[in-house]
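For reference, the structure discussed in these notes is given below.
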Amino acid sequence: MVIEIKDLNKGFGDNKVLINFDLNLYKGESVAVLGKSGSGKSVLIKCIVGLMQADSGSIKVFGKDMIGLNAEELDQARVRIGFLFQSNALYDSMTVRENLEFPLRRHWIEKTPEEVEAMIKEALTNVGLPDTIDMMPSELSGGMRKRISIARTLILKPDIILYDEPTTGLDPITAKGISQLMVDVQKKYNTSSLIISHDLNCIKITADKLVMLIDGKNYAQGTYEEMKENKDKKVKEFFEI
């Protein structure tokens, strides 16, 4: 097991977002968390990487509880966790090359210039965009920026990738391409993926298991088909669109 979440609670004043939430993620598995807007999906993954502090409970990543780690310990843990932001979070003033170099500098990865160049080219090749290396983010389409963000996430070869709404804002064809890329990345590197999304097409393509985040809890879980056939009203409404 690479992530084990037990009895996780997080609230903002009287608004209780996560209530005794549980989730397990195993090596090589892809789990999607589905919930309404504002249900706490993004809060969940921000708690996992320490961008938000949970109120109580435990979040074990590779057996180490992320809650309570100091800044240095968090940085060490994050090297093994790739985080794909919903907004892509590319630096507009940096070229694609410089954007991909940034995680290596951020985590003080000691590599020769030749090794860095090889890592960047490999990551860009993996997402099908080797010729964009010297382009600026403003020169790229929305789908290309998403692929570059995935390449930057891959540069450190993380064991876990957290995807925050990876297909938001993309047209259906581009979204399908990004979803398939996520599957290809997982197969090539045997990564474990936690996907936060409300895009049913993306979830159907990428997820081995689906977790329903309803009323702050892991309300139901199973395969896509099992959840689609679930007769519970709160689950069923997600598939009646």
- Message: Run the simple label-point estimate for residue 27 and residue 236 please: 7 Å along Cα→C-beta, distance reported in nm.
- Response: 4.1 nm
- Query: Per residue and in Å³, how big is the convex hull formed by the alpha-carbon atoms of the chain?
  - Reply: 127 Å³
- Out of the DSSP beta bridges found with both residues in the chain, what percent are antiparallel (nearest 5)? 55 percent
- Scanning the chain for chymotrypsin sites (Phe, Trp or Tyr not before Pro) in DSSP loops with at most 12 other Cβ atoms within 10 Å, what's the longest stretch left with none? 109-241
- Task: Just add up the charged neighbours of residue 227: K/R +1, D/E -1, any other residue whose Cβ is under 12 Å from the Cβ of residue 227.
- Result: +1
- Query: Is the stretch 89-157 best put as rounded, prolate or oblate by its Cα gyration tensor, with a ≥ b ≥ c the root eigenvalues, rounded for a/c under 1.5, and otherwise prolate when a/b is larger than b/c, oblate when not?
  - Reply: prolate
- Note on the structure: Given Cβ charges of +1 for Lys and Arg and -1 for Asp and Glu, the option among 123, 17, 99 whose Cα lies farthest towards the positive end of the dipole of the chain is 17
- What ranking of 112, 191, 167 emerges when the number of other C-beta atoms within 10 Å of each C-beta is taken as an exposure proxy, fewest first? 112, 191, 167
- Reciprocal mean inverse distance between Cα atoms of the stretch 42-123 - Kirkwood radius, Å: 14.6 Å
- Message: Can you tell me what share of the DSSP beta bridges in the stretch 128-241 is antiparallel? A percent to the nearest 5 is fine.
- Response: 50 percent
- Item | 12 Å beta-carbon shell around residue 3, net charge (K/R +1, D/E -1) | 0
- Task: Work out the length of the dipole vector of the stretch 89-157 about its Cα centre, built from +1 on the beta-carbon of each Lys and Arg and -1 on the beta-carbon of each Asp and Glu, and round it to the nearest 20 debye.
- Result: 360 debye
- Entries of 60/111; 36/204; 157/217; 36/234; 157/187 with Cα pairs more than 20 Å apart: 60/111; 157/217
- Anyone know which of 68, 216, 82 comes out most mobile in the 10 Å Cα GNM of the chain? 68
- Residue order, fewest to most beta carbons within 10 Å, for 149, 138: 138, 149
- Cβ-defined net charge surrounding residue 177, 11 Å radius [Lys, Arg +1; Asp, Glu -1]: +1
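Each value in this text was obtained by applying a stated rule to the coordinates, not by laboratory testing. These numbers were taken from a predicted model, which means no experiment stands behind them. Glycine also receives a Cβ, built like all others from the backbone with ideal geometry; neighbour counts cover every protein chain displayed.
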